[in-house]
Amino acid sequence: MSTTALAPPDGTETTASRSETRRQRRRRERLEERDAAIPAHLYGLKRGTVPLITALCALFAIFTLAPVVWIIINSTKSQANLFGSFGFWFARPFEFFHNFSLLFQNVDDNGTYFQWFGNTVLYAVLGGGGATALAAFAGYGFARFRFRGSKAFFYLMVGALLVPIAAITLPLYLVYAKAHLINSIWGMILPSLVSPVGVYLMRTYVELSVPRELIDAARIDGAGETRIFFRVALPLMVPGLMTVLLISVVTVWNNYFLPLIIFTQNRLFPLTVGMGVWSQVAERSGGNTNLYPMIVMGGLVTIVPMIALFLILQRYWRGGLLLGSIAN
Amino acid sequence: MSDTATLKVPGQAPPPQAARRRGPGRSSWSRRRDRRGLAFIAPFMIAFGLFTLVPLGYAIYDSVYTTRIIGGTTFTGFGNYSQVLTSGPFWGGFARVIVFGAIQIPVMLVVAFFFATVFDLGVARLGRTFRTIFFIPFAVPIVVAAIMWGFLLEPTYGPITHLANALGFGGTNFLSSGLMLPSIIVIAIWEWTGYNSIILYSALKSVPRDVVEAAILDDTPLWKIILKIKLPMVRSAIVMLIFLNTIGALQLFIEPEILSYQGGSITNTWTPVVDIYNTSIANSQYNLGAAMAVVLALAIIAVSVGSMAFRRHRGELA
């Protein structure tokens, strides 16, 4: 593809952008984007086309936001109102804070939501952070060294992307049963360290943003390889690292199959498995448990940090997706 | 297709030829650097070996044995495979994910391409806002997405069921066996359209401006600019998305699994991965499950090799 698509993420800092405030930066980005686009009127559109297209966008936005709006509204409801009142409007009593407080309790021994939340954060930070570190080393190694077997290793890694998760997770469970890793947090964290996508993205990013000449110059100056990596290459890799970190954290945050299989004690569950178990218990009880408001509130508390993270780090993931789009 | 203006590289960007040239004196360093390079990839490769290759090998090993409560583990060769390959329900699940992908992927990509084009051309008001909104579902874990949609589609109280009733489709049950697949297709479209759209938007941004300007000066109608100039230029991104989405579709698991907890009519063999999960974990037939997983892996590899051969045939790969 073109060199344009190969541009590093938007997060690349220039000396000019470092001094400006976030607000100024947003304004500048908006203006740059507007200047880069060809003015719409030049396309010779008929009158009414822009409002029509805007309406189509609005329609899809309603479809996109409906579940999110629903979960916000219904987090304020009691179980009776959850089923007895109109789904897209509020109903008395206002139970938001009560529902929220339930997430700190282990109701009927079905598990404590905030314990799972803590577990998820732990798995995401250790697993996602570790995966990013390994990807940074390996991506740099693949991009800037040529050694025997480097190509073979690389293709082996890319080929593994094709293997279904079930074909890796299932035997992992059997190995764990022998290695006493069932119900161990390491059973969850260690496999999360492997992120072939992260390595692939880091390799692409290093190719683009860490000039070979710079490394060679550092070598001539007598710097060791470790020092070159940490002092010369790593600072240039930061925007790419942020993308990989985001992708790895999200992957661990969303992981369901592995924890579903390897955890049998609910105090170790991540959010995904816990929420799944709650909906199973609630359905089986035929609505006799008071779990439904907790499921709705739990869903809301699960998505809010993720949406916030994505909005705050927008410029990083956009760049990362750009890198992803050249994966061919 | 070169546009140096957007090539923002920190530090000094080397010209492309220089990047490919090997530095002088490489031979004197090369052996030592060999080992250094290996050291950089070693931590990843060790983890990769232990947590990807070893389990994969173990799955293959497991798939040729059979464990019985009485009689222990015996080598059965392709016994498990012949059981999987002749299993009607397994292929039924396979057919279902193929139907799922055959509908969901084209619909999603057409919608995603439409919005990507809209954002690229800047022909909608509030384009940036819509772009951000459309991406929100990507931040929602699939488990939570399935739970939310399960509530919305619930046959008695669900607001969407109410809507269907109000529109004259009385007695609609979105979680019944007949509508389960269409419902999951809608959920998947909800989850992935924004993400695919942003990737296509990034690709569209790389179409050089002067080409489009020249077309405008030639009085080329807009639809022709989109379909004849822009679409071919982002074809490799589209091919990649078809490929990634197909791999994802063949592994459909979380949505049906969660909806089955919420009263959805999902059989134990609804998709291949649902089948693998129930066979191995619920029924403890690990060997059979392993054989299923290997068959699924082979199917995915076949799809990949097939698409690569197709692209090579079309001259897209060297």
key: Number of the exception - residue A:209 against (1) farther than 24 Å from residue A:156 by Cβ; (2) more than 10 Å from chain B (Cβ to nearest Cβ); (3) of a type in the set (Gly, Ala, Ser)   = (2)
note = Picking from A:201, A:258, the residue that is more than 9 Å from every other protein chain (Cβ to nearest Cβ), within 19 Å of the chain's Cα centre (by Cα), in a helix (DSSP H, G or I) and under 27 Å from residue A:151 (Cβ atoms) would be A:201
note = Among residues of segment B:54-69 being of a type in the set (Ser, Thr, Tyr) and surrounded by fewer than 19 Cβ atoms within 10 Å (Cβ to Cβ), the residue nearest to the chain's Cα centre (by Cα) is B:58
key: Single unsatisfied condition, residue B:214 versus (1) more than 26 Å from residue A:64 (Cβ to Cβ); (2) touching a residue at least 60 places away in the same chain (Cβ under 8 Å)   = (2)
ask   = Tally time: how many residues in segment B:249-274 are farther than 15 Å from residue B:98 by Cα and either within 11 Å of another protein chain (Cβ to nearest Cβ) or in contact with a His (Cβ under 6 Å, 6 or more places away or on another chain) (or both)?
value = 10
inquiry  = Based on this model, can you work out whether residue B:267 counts as in a loop (DSSP other than H, G, I, E, B) and either in contact (Cβ under 8 Å) with a residue 24 or more places away in the chain or more than 18 Å from residue A:167 (Cα to Cα) (or both)?
reply    = yes
ask   = Does segment B:232-246 contain any residue that is crowded, with 20+ Cβ neighbours inside 10 Å and farther than 21 Å from residue B:105 by Cβ?
value = no
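Results for (1) more than 26 Å from residue A:56 (Cα to Cα); (2) part of a helix (DSSP H, G or I), shown as yes or no for each residue.
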| residue | (1), (2) |
| --- | --- |
| B:36 | yes, yes |
| B:54 | yes, yes |
| B:77 | yes, no |
| B:101 | no, yes |
remark   = Considering only helices (runs of 4 or more DSSP H) wholly within segment A:82-180, the ones with at least 2 residues that are over 29 Å from residue A:287 (Cβ atoms) and at the interface with chain B (Cβ under 9 Å from one of its Cβ atoms) are A:129-144, A:150-160, A:165-179
query = Can we say residue B:106 is surrounded by fewer than 17 Cβ atoms within 10 Å (Cβ to Cβ), modelled with pLDDT of 80 or more and not hydrophobic (A, V, I, L, M, F, W, C)?
reply = yes
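Let's see how each residue does on (1) more than 11 Å from chain B (Cβ to nearest Cβ); (2) within 19 Å of the chain's Cα centre (by Cα):
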position	(1), (2)
A:267	yes, no
A:278	no, no
A:296	no, no
A:314	no, yes
Sole residue being of a type in the set (A, V, I, L, M) and farther than 30 Å from residue B:284 by Cβ, chosen from B:98, B:136 = B:136
task = Give the residues of segment A:133-160 that are more than 20 Å from residue B:292 (Cβ to Cβ) and of a type in the set (A, V, I, L, M), sorted by residue number.
result = A:133, A:134, A:135, A:136, A:138, A:143, A:152, A:156, A:157, A:158
ask   = Is there a residue in segment B:161-180 that is without any contact (Cβ under 8 Å) to a residue 24 or more places away in the chain, surrounded by 18 or more Cβ atoms within 10 Å (Cβ to Cβ) and either within 9 Å of another protein chain (Cβ to nearest Cβ) or of a type in the set (Asp, Glu) (or both)?
value = no
ask   = Would it be correct to say that residue A:66 is out of contact with any Ser or Thr (no Cβ under 9 Å at 6 or more places or on another chain) and either of a type in the set (A, V, I, L, M) or more than 10 Å from chain B (Cβ to nearest Cβ) (or both)?
value = yes
request  = Go through the residues of segment B:211-225 one by one and say whether even a single one is closer than 30 Å to residue B:77 by Cβ, touching a Leu at 6+ places or on another chain (Cβ under 8 Å) and either of a type in the set (Phe, Trp, Tyr) or assigned to a helix (DSSP H, G or I) (or both).
outcome  = no
inquiry  = Looking only at segment B:107-141, count every residue that is among the small types (Gly, Ala, Ser) and either in contact (Cβ under 8 Å) with a residue 60 or more places away in the chain or not in a helix (DSSP H, G or I) (or both) and tell me the total.
reply    = 4
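Rundown of residues vs (1) at pLDDT below 90; (2) over 23 Å from the mean Cα position of the chain (by Cα); (3) buried (at least 24 other Cβ atoms within 10 Å of the Cβ), yes/no style:
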{"position": "A:170", "(1), (2), (3)": "yes, yes, yes"}
{"position": "A:175", "(1), (2), (3)": "yes, yes, no"}
{"position": "A:181", "(1), (2), (3)": "yes, yes, no"}
{"position": "A:186", "(1), (2), (3)": "no, no, no"}
{"position": "A:194", "(1), (2), (3)": "no, no, yes"}
{"position": "A:197", "(1), (2), (3)": "yes, no, no"}
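The values are calculated or read from the model by the stated rules, or taken from the named source; none is laboratory data. Since this is a predicted model, take the numbers as computed values, not measurements. Positions of Cβ are generated from backbone atoms using ideal geometry, with glycine treated the same way; all protein chains shown enter the neighbour counts.
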